[in-house]
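The numbers here are math on the coordinates, done by the rules we state, and not lab data. From a predicted model like this one, the values you see are computed outputs, not experimental measurements. Note that each Cβ is placed from the backbone with ideal geometry, even for glycine, and that neighbours are counted across all protein chains shown.
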Amino acid sequence: MNWEAIKSIYLFEMARMKRTLLQSVISPVITTSLYFIVFGTAIGTRIQEVNGVSYGAFITPGLIMLTLLGQCISNGAIGIYFPKFTGTIYEILSAPVSMTEVVIGYVGAAASKGIIIGLIILATASFFVDLSIQHPVMMLVFMVLTAITFSMAGFIIGIWADNFEQLNLVPMLVVPPLTFLGGSFYSIDMLPPFWQTVSHFNPVLYLVSGFRWSFYGIADVNPVISLVMIAVFLTICLSLLFWIFRTGYRLRK
């Protein structure tokens, strides 16, 4: 394993976060603060508690997951798309670096950025609501596994995308609706039976539910099932990456 190559890719991608500090850090914090202000004022006054947890505290894991998914997919996609866009991808492909090392470098950086933003959002939330984390280790497990999985998904999107419209298609048009409809701001027990069944086909539900369980010990889905679903998503991403590198799909053209 060429650790020096991994380190070089990782540090180069992490430096992008410093160059885009306003977009990478400040913007998510402001957006999250607005969510707390708007939802806390408009809905929090009508829904005092959900499953024994104040509404503001209840939506915190959903807000963190919303930001984490968006950041990881975007960073993972942009990281590999720009080398394709500028043509420097051929330098990477011709270098004595394996595809495994390339993925570890790019995905590791994207996941690190997502986790950093997630922790910043968590710290921001503590100024608005009283938080309790019953299972801190499992919270980190859910956060890290989700960050790695969706950074890898973003990496795949970056390889697949031919233009900026395709690059932003999933982070902008797919992830937010799935997150909003995945129990981020409500418990699916509040829905009619039919829509509860439909919600179980939303993969984000399992992520949000498991993550919320690590905070308050309550969940819409068994946390073991949530971990299994994350493992399934991770396996799918690894399988797609193996196929991409074996065939050279949209890398060598």
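Computed about its Cα centre, the charge dipole of the chain is approximately 540 debye, with only Lys, Arg, Asp and Glu carrying charge at their Cβ. Charge tally for Val50 (other residues, Cβ to Cβ under 15 Å; Lys, Arg +1; Asp, Glu -1): -2. Run the quick spin-label model on Lys18 and Val141: label points 7 Å from Cα toward the beta carbon, then report their separation in nm to one decimal. Roughly 3.5 nm, to one decimal.
What residue among Glu91, Glu13, Glu49 has the largest mean-square fluctuation in a Gaussian network model of the chain, using Cα springs under 10 Å? Of Glu91, Glu13, Glu49, the Gaussian network model singles out Glu91 as fluctuating most.
With Cα atoms defining each centre, the stretch 191-248 and the stretch 1-24 are spaced 28 Å apart in the structure. Counting neighbouring beta carbons within 10 Å and listing from fewest to most, the residues Lys18, Lys84, Lys113 come out as Lys18, Lys84, Lys113.
Applying Stokes-Einstein at 37 °C and 0.692 mPa s to the Kirkwood radius of the stretch 89-182, computed over alpha-carbon pairs, gives a translational diffusion coefficient of 210 µm² s⁻¹.
Computed over the alpha carbons of the stretch 172-248, Rg followed by Dmax gives 14.6, 47 Å.
For Val50, nonlocal amide neighbours, meaning residues 5 or more places apart or on other chains whose placed amide H falls under 5 Å from its own, are Tyr55.
Per-residue ellipticity at 222 nm computed for the chain from its helices equals -24000 deg cm²/dmol, with DSSP H segments shorter than 4 residues left out and the rest contributing -39,500 (n - 2.57). For the stretch 1-103, the Cα-based Rg and Dmax, in that order, read 19.7, 60 Å.
Taking 0.36 nm per residue of separation and subtracting the current Cα-Cα distance, fully stretching the chain between Leu251 and Ile30 would add 75.9 nm.
For the chain, a Gaussian network of Cα nodes joined below 10 Å ranks Pro61, Pro177, Pro192 by mean-square fluctuation, and the top entry is Pro192.
Comparing Ile115, Gly210, Phe245 along the charge dipole axis of the chain, the residue lying farthest to the positive side is Phe245, per the Cβ-charge model.
Only one residue of Thr67, Ile133, Tyr106 has its Cα farthest out toward the positive end of the dipole of the chain, where Lys and Arg carry +1 and Asp and Glu -1 on Cβ, and that residue is Tyr106. Under the convention that each Lys and Arg Cβ holds +1 and each Asp and Glu Cβ holds -1, the size of the dipole of the stretch 114-250 around its Cα centre is about 300 debye.
The length gained by stretching the chain between Val232 and Ser8 to full extension, at 0.36 nm per residue less their Cα-Cα distance, is 77.6 nm.
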